[in-house]
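Down below is the structure, laid out as structure tokens.
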Amino acid sequence: MAKKEITGKVISAYQKTVVVQIDRRVPHPLYIKIINRASKFYAHDEDMKAKVGDVVRIRETRPVSKLKRWKVIEIIDGGGK
């Protein structure tokens, strides 16, 4: 079974951990208006290269801690400071 990969923006960075936010636009189930939804994923960043503002690709992995189920694969756009 292939592991899921998603792309998102780093909104917070800790020691070997980054929080990646995924934004998406979906129609409201009743009113059909397009609304914005966001999800946050905690990802393991072994080399601590990702900074706040970077766009990264993360891949599903085995549980690393209580919240971390993803791993940073690559930094697509290093827009961080």
Being touching a Lys or Arg at 6+ places or on another chain (Cβ under 6 Å), charged (D, E, K, R) and under 16 Å from V72 (Cβ atoms) is the filter; apply it to the stretch 1-44 and report the residue that is modelled with the highest pLDDT. E5
Kindly evaluate K71 against the criterion of being surrounded by 14 or more Cβ atoms within 10 Å (Cβ to Cβ) and within 11 Å of the chain's Cα centre (by Cα). yes
Kindly check whether there is at least one residue in the stretch 29-37 that is aromatic (F, W, Y), on the phi < 0 side of the Ramachandran plot and in contact with a strand residue (DSSP E or B) (Cβ under 7 Å, 6 or more places away or on another chain). no
Do you know which residues across the stretch 25-69 are of a type in the set (V, I, T), over 22 Å from K4 (Cβ atoms) and either in contact (Cβ under 8 Å) with a residue 40 or more places away in the chain or in a loop (DSSP other than H, G, I, E, B) (or both)? I32, V52
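Do you know which residues across the stretch 22-57 are of a type in the set (A, V, I, L, M), within 11 Å of K9 (Cβ to Cβ) and crowded, with 16+ Cβ neighbours inside 10 Å?
Taking the stretch 22-57 as the starting set, the residues that turn out to be of a type in the set (A, V, I, L, M) are 22, 26, 30, 32, 34-35, 38, 43, 48, 50, 52, 55-56.
Now restrict to residues that are within 11 Å of K9 (Cβ to Cβ): 22, 38, 50, 52, 55-56.
Within the stretch 22-57, A50, V55, V56 meet the criteria.
The values are calculated or read from the model by the stated rules, or taken from the named source; none is laboratory data. Keep in mind the model is a prediction, meaning the values are calculated, not measured. Cβ atoms come from the backbone with ideal geometry, glycine included; neighbour counts cover every protein chain shown.
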